Amino acid sequence: MNSDSAETPVPVRLRERLRQAAAQQILGAAEQVFAERGIHATHMADIAARAGVAVGTLYNHFEDRDALLRALAEQRRAEILQRADECLAQIDGKPFRAQLRAFYTALFADFEQHWQFFMMFMSAESGSKVAQEHARAMQCELLQRYEILVERGRKQRAVRPKVAPLLPTLLLGMSRSLLMRRVLVPAEGPAAQHIDALLDFILNGVSGKKSP
């Protein structure tokens, strides 16, 4: 018998790779549809049609829309946190301003790659339990990374001790506000173009006077 015949069982590893590839295809389609229509207006049939699979195939991978949204949110959150951690490791020891700039650049690059989904996700925080859970989790985890940055700045005496406890929250809030501008003024383009202005504001204040 031909060992390559159609009756030969597909190796377990190959089946798992095929399953993972199908799941990624579905997640990519879901991201597009969620971003276009919003969470509550998106139905599983819409996602199946975009992914080019049967609705039944969709349910073989994800129990329902919330499960699909949760898987997508977890993947995107893991990606951005991985990039943040890699950046923190690479910039350790550099001047505080350079570290802040590199960190914002890395985060904004990841947000830009999926900005429509992230903005839809943040806008839906008040109406979707899944969005609430993951948006809060991502903000808490990013806050921890900002705390690392601020502690480095404090040790370099680039951050006043009195300001240090509050600064991580402010850095997180300002980055979020700048990303929201990406939605409010979409024609303006990526938020990364405003990083230097943001750093000047953080380090020098509204008046533009150099900090001592």
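The values are calculated or read from the model by the stated rules, or taken from the named source; none is laboratory data. Keep in mind it's a predicted model, so treat the numbers as computed, not measured. Here Cβ is always computed from backbone atoms with ideal geometry, including for glycine, and neighbour counts include all displayed protein chains. These area figures cover heavy atoms from the full protein model, side chains too; ligands, DNA and RNA do not enter into them. Shrake-Rupley method; radii C 1.70, N 1.55, O 1.52, S 1.80 Å.
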- For every other residue with a beta carbon closer than 12 angstrom to the beta carbon of Asp196, add +1 if it is Lys or Arg and -1 if Asp or Glu, then tell me the sum. +1
- Message: Need one value: the accessible area of Glu16 in square angstrom, 1.4 angstrom probe, rounded to the nearest 10.
- Response: 90
- Arg15 - accessible surface, heavy atoms, 1.4 Å probe, Å² rounded to 10: 120
- Query: Kirkwood Rh over Cα pairs of segment 126-192 into Stokes-Einstein at 37 °C, 0.692 mPa s: D in µm²/s?
  - Reply: 241
- Query: How big is the charge dipole of segment 132-175 about its Cα centre, in debye rounded to the nearest 20, if each Lys and Arg gets +1 on its Cβ and each Asp and Glu gets -1 on its Cβ?
  - Reply: 380
- Note on the structure: Taking Cα atoms only, helix 65-91 is inclined relative to the longest principal axis of the chain by an angle, in degrees rounded to 10, of 40
- The Rg/Rh figure for the chain, Cα atoms and Kirkwood Rh, to two decimals is 1.10
- Item | Computed accessible area, Met174, all protein chains, 1.4 angstrom probe, square angstrom | 50
- Rounded tilt (10° steps) of 12-37 against the dominant C-alpha axis of the chain: 60
- Note on the structure: Helix 167-184 sits off the longest principal axis of the Cα atoms of the chain, rounded to the nearest 10 on a 0 to 90 degree scale, by 60
- Query: What residue among Thr57, Gln132, Gln25 has its Cα farthest toward the positive end of the dipole of the chain, where the charges are +1 on Lys, Arg and -1 on Asp, Glu, each on the Cβ?
  - Reply: Gln132
